[in-house]
1. Those residues that are exposed (fewer than 14 other Cβ atoms within 10 Å of the Cβ) and at pLDDT 95 or above, I need them from region 125-145; list them, please.
2. Within region 24-58, can you find the residues that are of a type in the set (V, I, T) and in a helix (DSSP H, G or I)?
3. Only one of V94, V84 is open to solvent by less than 70 Å² (accessible area, probe 1.4 Å), under 28 Å from D122 (Cβ atoms) and among the aliphatic types (A, V, I, L, M); which?
4. Residues of region 1-22 being among the hydrophobic types (A, V, I, L, M, F, W, C) and either part of a helix (DSSP H, G or I) or under 24 Å from I66 (Cβ atoms) (or both), which ones?
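The values are calculated or read from the model by the stated rules, or taken from the named source; none is laboratory data. Everything numeric here is computed off the predicted structure, so don't read it as measured data. Cβ sites come from the backbone with ideal geometry, for glycine too, and all protein chains shown count toward neighbours. Each accessible area value is taken on the protein alone, full model and side chains, heavy atoms only, with ligands, DNA and RNA left out. Shrake-Rupley method; radii C 1.70, N 1.55, O 1.52, S 1.80 Å.
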Amino acid sequence: MKIRDLIREIKKYKGKYICWTGGEPLLRRDMIQEVINKTDLKFHHIETNGDLLLEYDFNFFSYLGISPKELKTAKKVKKIMKGVIKNYYDIKIVTDLKKEGIDMLKYATILMPLSTNNIKEDKLIQEKVWNYCVKHNIKYTPRLQVDLWGLKTKGI
């Protein structure tokens with residue numbers, strides 16, 4: 001889709017929110033910023049792994065959902081956050097509270113339970129993560145796409 005066509009479609013869109021997700025939307029930062037500059041009456045959100053995140057990006061997005069996959073990225077994101085006044089972001093960590101994501105827990109503002117495709121094990125992980133969130137005053141989010149369609153579904 002050409003940028004001008006995307007801008008036209010967003011302007012016609014009756015909703016308030018536009019969410020940039022992808023693969024990694026920050027690979028198209030220049031294009032996204034051009035669209036945002038021409039559709040500034042909308043609230044633009046981004047879902048990113050944080051690898052390409054710059055402090056500058058906080059000027060463009062109404063909300064940033066950052067899901068680092070590695071500790072080095074979580075540390076980088078936290079360092080960027082020190083210079084940011086705006087607090088409309090979350091650092092989402094996917095975890096089982098055993099092995100996955102535990103090295104990044106101190107950076108999390110929201111936790112998502114890891115899915116294994118074993119219903120019994122997944123339920124235990126969800127409960128454990130829920131209880132951790134309650135105890136540590138961290139937001140919890142389920143993996144709805146996995147709950148609805150399973151781990152094998154691609155393109156959701």
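1. Answer for region 125-145, where residues must be exposed (fewer than 14 other Cβ atoms within 10 Å of the Cβ) and at pLDDT 95 or above: E127, N131, V134, K135, H136, N137, K139.
2. Correct list: I32, V35, I36.
3. Just a single option satisfies the conditions, and that option is V94.
4. Result: I3, L6, I7, I10, I18, C19, W20.
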